[in-house]
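To start, the structure itself, in structure tokens.
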Amino acid sequence: LVDVEKNVIQLSDGTRIECDDAGTSSCWGSTSELDSSHFVSNRPNQGTPAGSVDSMMSIDLDGWTLNDDPDLNFFNFLMTSLNQRTFGEYIVVFHVGTAGGSSSANTNQGSGTTTTNNNNSGGVASLGQGVPAPSNTKPDKTGNTGTGTDTGNTGNTGNTGTTTTSTGGGRGIEVTCPDGTQIFNGVEIIINMRAGFTYTATAIGVNGYDPVIAVGDADSIDLCNDDDSTAGQYTVSLPSTGFVDSARTNAQMDFNYTGSGFGNTSIIVGSPDGSTGEFVLVFEGMAVTANDGSGVGAGDPFAIRLTPNMVDTGVPLEIYMISKVQQLDPFMQLVDVEKNVIQLSDGTRIECDDAGTSSCWGNTSELDSSHFVSNRPNQGTPAGSIDSMMSIDLDGWTLNDDPDLNFFNFLMTSLNQSTFGEYIVVFHVGTAGGSSGGKPGK
């Protein structure tokens, strides 16, 4: 609520008449929490659902006295985003009542409080040990059910490549591409996705690291890509990386799942000479939708295989879920194979709503528009205060001798599945050297 100069109206005690998230202490006066049961529908089953990050203001007009000059009786509202850090379309709704009669008293009263949250941290214990990859069967978002199969397999010869997964003494994932190119010291991320959708994976080297990217399915490594002109335009600015400039050595790959229902697709990033270093892997094309369902397990699963080259590097594993639209409030969880949230012995849930606040487990940093993923100059996805982040310190981890039992499974969704829209996922990963070795994938 602002004056004619667009300055926020303040009460005599300094209280600002404004609202961030309705129903919380960030809002002046009496407001109600908003969720998907609140909506504006322009036709059956279509429209705009409300969510927990939307705003509301309620002003009690009882007892007001209006000025005799009708041009001096206005409430001025300014619609924006918190610190102008997030962007996108929105709707405005006024609920108004009318009656007959004369006017009454002019007293502006209201109250509100502001609280400061402290970061909540805790030890990660041994959450990754003995945790297998995500389930290969997931309800189709269309209502059907499909079965996929594990990636990280030994492929056929000829037009397909092969994959070797590391044992406890190996460095990382080794890949032979269909054209004979080899990738060493790699990291594998598995995405459970539905047929008919296309995602994009972009590998961005940090401090000169030259990544190569490979895509596999249940049978083989089917595609590989090294230096890519489109990927070369990407820049990144994140709390864990700082600013990462564009580089022609970046790699990118579009991929989809061609089976029925849902299945796993494997993305592997490494280097042709086994180089060590850090990279950022950006996934685009995902969305939280009403078809994801609700309750435990609703959302998009991502899994990363823990390998010795990751543990030995000393670089924490950092994961970000960043909304591409204002209405989505991202929510990230570390889950088991049944998609139940991992909990520590004291009951702490390993999950994150808004990075840098007490809604996140562990050590996270506040995200704002100085943090972004840009796919070309002056374009891309800015981060904001409601986006999610998770940081896992891998130093000192002991891996299972069976590489198929060393996974972190992440579920990307929204808080209570109450907001919807597109998002990106970013993994910041470090790799170190070591002795090679391995066994064929299953």
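The values are calculated or read from the model by the stated rules, or taken from the named source; none is laboratory data. This structure is a prediction, so every number in the text was calculated from the model and none was measured. Cβ atoms come from the backbone with ideal geometry, glycine included; neighbour counts cover every protein chain shown. The accessibility values were calculated without ligands, DNA or RNA, using every heavy atom of the protein model including side chains. Shrake-Rupley method; radii C 1.70, N 1.55, O 1.52, S 1.80 Å.
What percentage of the solvent-accessible surface of region 335-396, computed with a 1.4 Å probe over protein heavy atoms, is contributed by carbon and sulfur atoms? Walk me through the numbers before you get to the answer.
Values: 1010 of 2710 Å².
Whole-percent figure for carbon plus sulfur exposure: 37.
Any idea what the dipole of region 347-399 comes to, in debye rounded to 20, about its Cα centre with Lys/Arg Cβ at +1 and Asp/Glu Cβ at -1? All intermediate terms of the calculation are to be shown ahead of the outcome.
On the way: 2 positive and 8 negative charges, 40 e Å.
The calculated dipole for region 347-399 is roughly 180 debye.
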- Message: Show me the three semi-axes of the equivalent ellipsoid for region 228-275, from the C-alpha gyration tensor (sqrt of 5 times each eigenvalue), largest first, rounded to whole Å.
- Response: 26, 15, 13
- Message: So if I take the centroid of the Cα atoms in region 189-222 and the same for region 274-312, what is the distance between those two points in Å?
- Response: 11
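Accessible area per residue of region 198-277 at 1.4 Å probe, in Å²? Write out the running numbers ahead of the final one.
Numbers: 2840 Å² over 80 residues.
For region 198-277, the per-residue accessible area is 35 Å².
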- Could you pull the Rg and Dmax for region 294-442, using just the Cα atoms, both in Å? 16.3, 48
